[in-house]
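Worksheet: one structure, shown below.
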Amino acid sequence: MGKSDHSVLLIYASSHANNAESIPKLNLNKGNYSELRKSLDINWDLLLQPYVNNVEMMWNAIKSKLLEGLNRYIPSTTPFSVWKKVK
């Protein structure tokens, strides 16, 4: 190794990645936002009235309505890496 006084490590590593389960993602470019807005145009005071003293339950009600609209009006797609060829 020449005249160097440094130690040298030589490491060989091989890795093998398994294809992970594909998790669908929202395709935000193709969402129907006008229908999503219409679906969220509700009386929020009436919806949240039963949970007036419980912020956690209020949040769960809001989140539930939002996710329901997202699942209905925004399509999902699978990631590209799931179906591309292995090198």
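We did not get these values from a lab; they are worked out from the coordinates using the rules stated. All values derive from a computational prediction rather than experimental measurement. Quick reminder, even Gly has a Cβ in these numbers, built from the backbone with ideal geometry, and neighbours come from all protein chains shown.
How high is the FRET efficiency from Ile42 to Ser7, r the C-beta distance, R0 41 Å, rounded to 0.05? It comes to 0.05. If you plug the beta carbon distance of Asn60 and Ser22 into 1/(1 + (r/R0)^6) with R0 = 30 Å, you get a FRET efficiency near 0.60.
Assuming charge only on the beta carbon of Lys and Arg (+1) and of Asp and Glu (-1), the dipole of the range 25-83 about its Cα centre is about 260 debye to the nearest 20.
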